[in-house]
Amino acid sequence: MAEIKLKLKEQPRFPLEAEVITPDNFATKTAAQIKKLELFHGNEIVKLGDFFEVSGKSNDVKDTKIVIEGDLSNVKRIGEKMTGGEIIIDGDIGMHVGNQMKGGKITVNGNAGDWAGAMLKGGELEINGDAGNYIGAAYRGFWIGMENGVIKVKGKVGRESMLWARSSKGANKFPLLKCGSAESFLGMHNHGGTIIVEGDVNLYTGADQAWGQIIIKGKAPRLLPSYKKMGEISEIELANGEKITGKFIEYSGDHSVKKETNGRIYIAN
Amino acid sequence: MVEKKYKTFYDVICPFCGTLCDDLEIDVDEKAQEVVEVRNGCQIGTRKFFSSNPSGHRYMTPLIRENGSYKEISWDEAIDKAADILAKAKRPLLYGFASTECEAQSKGVELAEILGGILDNTASVCHGPTLLAEQDVGVPTSTLGEYKNRADLVIFWGCNPVHAHPRHLGRYSDFVRGYFRQDGRNDRYIIVVDPRNTNTAQIADLYIKVNPNEDYELMNAIRATLRGVEIDQKEVAGVKKEDLIKVTNIMKESNYGVIFFGMGLTQSISHHRNIDTAVCLTRELNDHTKFSITPMRGHYNITGSNTVFTWNTGYAYSIDFSRGYPRYNPGEFSAVDVLLRDEIDASLIVASDPASNFPAAAVRNMFKHPIISIEPHHTPTSVNADIILPAAFAGIETEGTAYRMDHVPLRLRKVKNPPGETLPDREILEKLIEKVKEKKGE
């Protein structure tokens, strides 16, 4: 795999919008050509070379790996709409990393900002730290959020993660979020997304869930009153066919959306 | 015959709160150009008219701060210096616009576009969550006149109109006689949901004391009950299950219900999701009866700023023009968030006072960079500004259009001339646009 290395030279004063940093845009370009790509800094257009040292070379989209070093917490939109290849980020990353990506893989070895993996359509986003709010969520006003792909977060995800997630059995699309723990409103307006939380969640998990599965292996403070206890269960079959075993209590809901619902929350017993 | 001392203006619109009362009578001393008497107005609206009279609190000439004190300068010089700051800024913030008229607001949009800046109005710290929820789930709403004539169930949720919108109850929602509600107050059932026993709660037929920050759960439980689901809990958010069922039945059995909500919902812990579920509740109640929902907007023309920004850019608030075209994302481009992250390098504050309302950390970051304030009188923001451009009061000293909380546009009146060198917000912004264009070489 051809590797391109980017190293942040100086901290941007304003957020740096770097949606050009994707394997799709870097493919078959030399380091010199990549340096000339345009980024947005405040209301000015700057060159990628102004802020990053670039080395290495690229290949086709699938064969291109981008490694980025430095504190990128003020750099936004890396990996936006990428379709293949790989990005590895060694450090913290700002908002919108991997938003609307369709394929390939992004690994963040640090914390990620808000809207990481927003409206993901495929591929894999792995965050080996904490993540901000709206992880894998729909953007404002959209009724279809994450449609496919996997987001793995080792630490905590913020509020309203997996907002408006939408699965499709016919199209074989199963959006999946795995996280260490979660803030409130996890899986809000869920339409078939699968969420697995290794630790605890906060209030209002699964609010307005139409259908879908939320598995909590830690503790939940109190569920919404519109969730009803169904009973104990020892095996959960996920939408994509995988199975999870263990002692869980099964709740159905959100009954404020429908009287009879396929929405489920499982909490470890 | 007694000579008339003062000129009286009838049917004047009150430019204070979102109720936009349109029946004020103002006596003006024409010679001194001062308001001497206000009739029909509430306490707050009346004070606003009197505060427009020249006093030590009003700015009469443009001011610039030099070595810690303010110096009077000419309009040309002030506009030139202000335009210089804005044109050089790489990420300027234009904030406010709620307490001015629509024509000035559209000039603000034009200026933000030329500057490539961030444009926001006070909705981002007040009813912005309402707009977010409306984008997610829509809004079944109506005009205030309809409620006055038809509503027999009025719910005030997380708002206290007795203090915040004093004449709302008398004009539209409580004591007023309507076409189908001939007996006024006796023909309406009033429910107040609030953690505090407010003055509005004291005049209600039913007061529901909800635990602070748990409104979401209560509405969620009502929605489930409405669907015929029996909830597991004995008590939700401090409200007993029997009471919950009782309220649900009152809602279902009404002929026409309306929910008015305030910042008790939008600015408590669940923010826009409170409104999301309130709108869903209203929608679901329409399976049983007729129900509507309306936010109690604060500033008199905040609805107008949302409307004007929307027809100009497609978005109601939190707009970023840094790429030349409008982008929208509250949380990313909203004023408080960009200030907390210290992303801006200059700010233009129009007809609002963020220093009193924003978190201290955000205000500290705002004060680090140059501030230009278009403002009629002393505020905590303007007394820290670098350039103060004195404005005339829209709706008192200049005409314009304003939108009532139910999106009804009304024409504001001019009852007296602006004092000193003050100019209408619109004209100040026009001057700034012209100068910024010149400096940017357009």
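The values are calculated or read from the model by the stated rules, or taken from the named source; none is laboratory data. Since this is a predicted model, take the numbers as computed values, not measurements. Counting neighbours? That spans all protein chains shown, and the Cβs are built from the backbone with ideal geometry, glycine included.
Side notes on the structure shown:
- Residue identified as farther than 24 Å from residue B:393 by Cα, touching a Gly at 6+ places or on another chain (Cβ under 9 Å) and more than 14 Å from chain A (Cβ to nearest Cβ) among B:108, B:116, B:145: B:145
Condition check ((1) part of a loop (DSSP other than H, G, I, E, B); (2) away from chain B (no Cβ under 14 Å)) across all residues:
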| site | (1), (2) |
| --- | --- |
| A:163 | yes, no |
| A:200 | yes, yes |
| A:206 | yes, no |
| A:213 | no, yes |
| A:219 | yes, yes |
| A:225 | yes, no |
| A:231 | no, no |
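- Filter result for residue B:81 (in the same structural domain as residue B:117 (by TED's automatic domain parsing) and touching a residue at least 12 places away in the same chain (Cβ under 8 Å)): yes
- Subset tally (residues that are under 22 Å from residue B:224 (Cα atoms), among the small types (Gly, Ala, Ser) and buried (at least 24 other Cβ atoms within 10 Å of the Cβ)) for the range B:266-325: 2
- From the options A:245, A:261, residue that is within 14 Å of chain B (Cβ to nearest Cβ), surrounded by fewer than 24 Cβ atoms within 10 Å (Cβ to Cβ) and among the hydroxyl-bearing types (Ser, Thr, Tyr): A:261
- Residues of the range B:395-441 that turn out to be in a helix (DSSP H, G or I) and over 30 Å from residue B:32 (Cβ atoms), as a count: 9
- Residue match in the range B:59-77 (condition: touching a residue at least 24 places away in the same chain (Cβ under 8 Å), over 18 Å from residue B:395 (Cβ atoms), part of a helix (DSSP H, G or I) and of a type outside the set (Ser, Thr, Tyr)): yes
- Any hit, the range B:291-304, residues being touching a Lys or Arg at 6+ places or on another chain (Cβ under 6 Å), under 30 Å from residue B:344 (Cβ atoms) and in contact (Cβ under 8 Å) with a residue 40 or more places away in the chain: yes
- Taking the range B:204-218 as the range and being assigned to a loop (DSSP other than H, G, I, E, B) and among the acidic types (Asp, Glu) as the test, the residues that pass are B:205, B:214.
- Taken over the range B:83-100, the criterion of being hydrophobic (A, V, I, L, M, F, W, C) and away from every other protein chain (no Cβ under 14 Å) is satisfied by B:83, B:85, B:97, B:98.
- One residue stands out among those in the range B:1-33 that are hydroxyl-bearing (Ser, Thr, Tyr) and part of a strand (DSSP E or B): the one that is surrounded by the fewest Cβ atoms within 10 Å (Cβ to Cβ), which is B:10.
- From the list B:308, B:279, B:258, the one residue that fits, being within 29 Å of residue B:167 (Cβ to Cβ) and within 13 Å of chain A (Cβ to nearest Cβ), is B:279.
- Taking the criterion of being in a helix (DSSP H, G or I), surrounded by 22 or more Cβ atoms within 10 Å (Cβ to Cβ) and within 14 Å of chain A (Cβ to nearest Cβ), the residues of the range B:326-342 that qualify are B:338, B:339.
- Condition met for residue A:53 (in contact with a Lys or Arg (Cβ under 9 Å, 6 or more places away or on another chain), within 14 Å of chain B (Cβ to nearest Cβ) and not β-branched (Val, Ile, Thr)): no
- Selection of the range B:307-335 for residues being closer than 18 Å to residue B:91 by Cβ and β-branched (Val, Ile, Thr) yields B:313, B:319.
- For the range A:233-242, the set of residues classified as in a strand (DSSP E or B) and under 22 Å from residue A:166 (Cα atoms) consists of A:236, A:237, listed by residue number.
- In the set (1) touching a strand residue (DSSP E or B) at 6+ places or on another chain (Cβ under 6 Å); (2) of a type in the set (Asp, Glu); (3) within 14 Å of chain A (Cβ to nearest Cβ), the condition left unmet by residue B:103 is number (3).
- Residue among B:221, B:201 that is away from chain A (no Cβ under 14 Å), small (Gly, Ala, Ser), buried (at least 20 other Cβ atoms within 10 Å of the Cβ) and not in a strand (DSSP E or B): B:201
- Members of the range A:1-36 found to be touching a His at 6+ places or on another chain (Cβ under 7 Å) and either more than 14 Å from every other protein chain (Cβ to nearest Cβ) or part of a strand (DSSP E or B) (or both), listed by number: A:16
- Here residue B:179 clears all of (1) in contact with a Pro (Cβ under 9 Å, 6 or more places away or on another chain); (2) among the hydroxyl-bearing types (Ser, Thr, Tyr); (3) in a loop (DSSP other than H, G, I, E, B) except the condition numbered (1).
- When B:348, B:389 are checked against the criterion of being at pLDDT 95 or above and either assigned by TED's automatic domain parsing to the domain that holds residue B:18 or within 24 Å of residue A:12 (Cβ to Cβ) (or both), a single residue qualifies: B:348.
- Residues that are free of Cβ contacts under 8 Å to residues at least 40 places away in the same chain and more than 26 Å from residue B:338 (Cα to Cα) do not occur anywhere in the range A:110-120.
- Positions within the range B:230-267 being among the aliphatic types (A, V, I, L, M), more than 16 Å from residue B:214 (Cα to Cα) and at pLDDT 95 or above, in sequence order: B:245, B:247, B:250, B:251, B:258, B:259
- Of all residues in the range A:111-159 being touching a Leu at 6+ places or on another chain (Cβ under 9 Å) and of a type in the set (D, E, K, R), the one that is modelled with the lowest pLDDT: A:140
- Any hit, the range A:80-91, residues being among the hydrophobic types (A, V, I, L, M, F, W, C), in a strand (DSSP E or B), farther than 13 Å from residue A:20 by Cα and touching a residue at least 24 places away in the same chain (Cβ under 8 Å): no
- Within the range B:34-53, tally of residues that are part of a loop (DSSP other than H, G, I, E, B), touching a residue at least 24 places away in the same chain (Cβ under 8 Å) and over 12 Å from residue B:393 (Cβ atoms): 2
- Residue, surrounded by the fewest Cβ atoms within 10 Å (Cβ to Cβ), within the range B:232-265, restricted to residues that are charged (D, E, K, R) and assigned to a helix (DSSP H, G or I): B:242
- Candidate set from the range B:95-136 (those that are buried (at least 24 other Cβ atoms within 10 Å of the Cβ) and part of a loop (DSSP other than H, G, I, E, B)); member that is farthest from the chain's Cα centre (by Cα): B:117
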